[in-house]
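No lab work stands behind these numbers, since they all come straight from the coordinates. In this text the structure is predicted, and so the values were computed from the model without any measurement. Ideal geometry is used to build each Cβ from the backbone, glycine not excepted, and the neighbour counts take in all protein chains shown.
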């Protein structure tokens, strides 16, 4: 299990560690304090329209500075900024820069993985704007280290923002139940699907493609064979369309439970009724003095 | 309760005439130990297993934390499962030896735990009695609800045990079966657990042992092993009459000394049974909560 965490973390991080100090333009002018003098003020209650949604312009300085990127200059991600008051017309396109393209400057290897992934192909293809970009999972200003327990514990909700059905069936599986109740070692979405290079299951290079399942499951379950990988991670027992085999056992058990409980409740209820009617509850037995 | 006037809780009690009572030995030491193992392991299994089934509820995490978190709870679940394997195997060996030694007659005896024609008549008779249309049927050693209780536990344990071990050892399982049977195993294990819990905690075992009018509020016989003979004569008239007829009554009569220890033990049985009742009520309330929300 621990090995799995390590593998996943490595996949998630790429070799991010190497990039942190070297290339980032640390605290070049204008200083972050200049930015925060407006954007960090509690009075900064204006909003700006981004992709049709109103977003607050306020950034919590303390939270930002405590984050993984806390020592970076604002302008290292908010590329293209020029000193002076910036109107909405000038800030057009800045958001996507900060949430996606600027990441490439330090995390080029991970960025390439993302670019080749299913999500990346959507973002850089026709469906741009619909797929998650870097900051959608990694958060903008309160960035959490991907190897932290807090980030791992949030992966299910991150994915579920688009894949709610998959989350439901995952949480009903062995891994999901344990994960939900606090098991930090059990497999989460990214352990099987990958983090940055997520591909559709039909893609031969996908970790969850039929051809690669044995390798993927073997990360935690060494010795997994062809039978083993036929286990269905995303199955809804209550639906015959999900798996007829699993559903038929589910349906049979529900019927059995209903029959037994109904008979039991009727039998007990009538027994109690007769007990009261005949005064059996208040009767003292002959041998009891 | 018998009056306490004769019980002498002093060291001199040995010299005074000791109060005794003729009791009917209903369960021997083997029965009582078996029940104790079932009782403890079943409770642990329910409290470490049900939170997985109803994970979204607030009590699921509470119950897991009671055992030190989900991972530790899993260990307790497996230990209790091993206890279950032990008692089930011991019971089966005991039963098979008994049946073989009697050359199969034990299965057909009136004191057998197997269902027979009379059980069907008894069920019909009980429903007639419920509606005031006949006398209450008389029972031999085991009434039909006790047979159901026992046989469903034997069969249920087998089903839940096999599916549990399938999930405990997925590698071994998939050397023989395709992986989708692990999905099937989870569905069976989880619903069989609910069924067993309903049968034991609500509809059959707790009701017929403690809550039905004849036994209310508590029947301690599975702990003490024996009951006052008059009580048993009333409870199971057919077995009593049969033993009188066959001349085997002496085999099951014991002289029980009533001392302060008897009363102390009674207090312990009350505490244990109330604890079990509390656990049963708690888990029942939890599950109703989970189903309704």
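For the reader, a short list of remarks on this structure follows.
- In degrees, nearest ten, helix B:260-292 long axis to first principal axis of chain B (Cα): 30
- Residues B:235, A:65 arranged by fewest to most Cβ contacts within 10 Å: A:65, B:235
- Computed [θ] at 222 nm, helices only, for the protein assembly as shown once each DSSP H run of length n ≥ 4 contributes -39500 (n - 2.57): -17000 deg cm²/dmol
- Prolate/oblate/rounded call for the range B:227-283, Cα gyration tensor, a/c under 1.5 rounded: oblate
- Most mobile listed residue (A:229, A:260, A:246) in chain A, GNM with C-alpha springs under 10 Å: A:260
- Summarised in one figure, the compactness ratio Rg/Rh of the range A:117-196, Cα atoms and Kirkwood Rh, is 0.98.
- Chain B: angle of helix B:70-101 to the longest principal axis, Cα-based, in degrees nearest 10: 50
- GNM top mover of B:31, B:77, B:189 - chain B, alpha-carbon springs below 10 Å: B:31
- Shape class of the range A:63-150 from the Cα gyration tensor (axes a ≥ b ≥ c, square roots of the eigenvalues): oblate, since a/c reaches 1.5 or more and a/b does not exceed b/c.
- The fewest-to-most ranking of B:127, A:276, B:181 by surrounding Cβ atoms within 10 Å reads A:276, B:127, B:181.
- Largest mean-square fluctuation among A:57, A:155, A:257, in a Gaussian network model of chain A whose springs join Cα atoms under 10 Å apart, belongs to A:257.
- Measuring nothing but how far apart in sequence close Cα pairs (under 8 Å, 6+ apart) lie, relative to its length, chain A scores a relative contact order of 16 percent.
- Length-normalised contact order of the range A:183-289 in % [C-alpha pairs under 8 Å, at least 6 apart]: 9
- Degrees between helix A:2-13 axis and first principal axis of chain A (Cα, 0 to 90, nearest 10): 40
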